[in-house]
Each structure stands twice: as C-alpha cells, then as structure tokens.
Amino acid sequence: MKVLVGISGSIGVLGIPGHLISLQVEKDVEELRVLMTPTAARFVNPQTLEALLRLPIRVDPWSDGHPMYSPVDLVKDVDLYLIAPASATTISRCANGSAETLLAHCYLCHSGPVAFAPSMSPEMWEHPAVQRNLKQLEKDGACILPPGVAYSASTGTFQKGGLCLYQDMWPLLRSFLEQRGRPRKRRGTARSG
C-alpha cells in the first residue's frame, strides 16, 4: 500500500519521526511519501527527517529545493492519506475546503481514504469549533483517530488531546481500510515477514 503522511504544525510533530520509522518497516506499506506544512517545519527540520528516513520531504511546491511537483502528483495512486499530527488549524482548513497549504490542497485532491490524528492542547481539543470540524470530516468519510494524552499547561494535568500512539494508530487504520475495502496488493510485489 502507498501511504502519504501530511505533517501539520502541532507540538505532536515532535513524536512523528518515530511514527514514520514504524510506518517504513510496516509490512503492508510499500511506499511512503511525506509532506509538511511550513509551521511543522519550524518544529522539526525537514532536512533532519530526510536524512533519518532517506525520503524527500515536501514542504512547499515552489521553494523547498525539490523539483516542481503538484498536489495531484503527490496523491496519485495513494491508498491512504494520513494527516498526523493534525492541528486544529489543519482540521479547520480541511473541514472547510480551504487549500491554503500543500497539505490541505492534497486533501482536496485525494479521493481515497483519509485519516486524521489530532494533536493539540486539551482545551483546544474540547472546543466546540474543533469538535464541529471533526464531525464534518467524519461526515465527509475521514477516519478520526482518538487522541492520546497531552499535558495541559493551564491546569498542570494530563488530558485528552495528544498524538495517538503508533501502536494504537496502525490497528485502527487497518480496520478503517478494511471497512472501506482494503487496497489490493499490487502485482509483482511480495514482502516477507
């Protein structure tokens, strides 16, 4: 299966390198593509991710040093578009059809399965506007992964809102894809394990 991961600007981006490495070794994943919003690139340097994953990391289709490409090309033949972490801003853009970033533009160009892994402060997670946008994405056919636990600086406690742990994420994504009609295995590809 081909997976495109869209990384948005949330503190949860600090945990995404481990998620991406786990995806690379997942036996079902034949190809991994990664893109980031400019805000995500402020949390984790795209060049660091490129060196770690040995993959090109797309940030901006015109100025990230890679050859010109389009959102349509990035989502072509993708079996799953995983947006992780999904910030409140990215969730809002996608729910409202705004293509202000490459990540959101790819969302609007992709007709296959999409999953969002929200990551934000507990206060933001509980806000009615965020919950309304998540409901709209679900209505549009997206899978919303349950958030993990995050530290709330305002209350000094741990509450719902953090990035879903990988060991919880992948089984949920498999179930989502099976419900949608799992992508067929490509001819001529065999993986041991």
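Some points to look at:
- Residue ID - farthest from the chain's Cα centre (by Cα), chosen from residues in the range 67-100 that are within 16 Å of residue 176 (Cβ to Cβ) and aliphatic (A, V, I, L, M): 78
- Residues satisfying the stated conditions in the range 16-34, i.e. surrounded by fewer than 20 Cβ atoms within 10 Å (Cβ to Cβ) and either closer than 17 Å to residue 87 by Cα or touching an Asp or Glu at 6+ places or on another chain (Cβ under 6 Å) (or both): 17
- Any pair with Cβ under 6 angstrom, 6 or more apart, that starts in the range 71-88 at a residue that is closer than 25 Å to residue 147 by Cβ and ends at one that is charged (D, E, K, R) and open to solvent by 20 Å² or more (accessible area, probe 1.4 Å): 78/2; 79/2
- If you check 21, 16, 91, 7 for being modelled with pLDDT under 90, among the β-branched types (Val, Ile, Thr) and closer than 19 Å to residue 143 by Cα, only one passes: 16.
- Of the numbered criteria (1) within 22 Å of residue 57 (Cα to Cα); (2) β-branched (Val, Ile, Thr); (3) surrounded by fewer than 23 Cβ atoms within 10 Å (Cβ to Cβ); (4) in contact with a Phe, Trp or Tyr (Cβ under 7 Å, 6 or more places away or on another chain), the one residue 149 fails is (1).
- Of all the criteria given as (1) modelled with pLDDT under 85; (2) at negative phi; (3) touching a strand residue (DSSP E or B) at 6+ places or on another chain (Cβ under 8 Å); (4) of a type in the set (Gly, Ala, Ser), the one not satisfied by residue 84 is (1).
- Of residues in the range 47-66 being open to solvent by less than 20 Å² (accessible area, probe 1.4 Å) and at pLDDT 90 or above, the one nearest to the chain's Cα centre (by Cα): 57
The values are calculated or read from the model by the stated rules, or taken from the named source; none is laboratory data. These figures come from a predicted structure and were not determined experimentally. Positions of Cβ are backbone-derived with ideal geometry, glycine not excepted, and every protein chain shown enters the neighbour counts. Ligands, DNA and RNA are stripped out before the accessible areas are found, and what is left, the full protein with its side chains, is counted by its heavy atoms. Shrake-Rupley method; radii C 1.70, N 1.55, O 1.52, S 1.80 Å.
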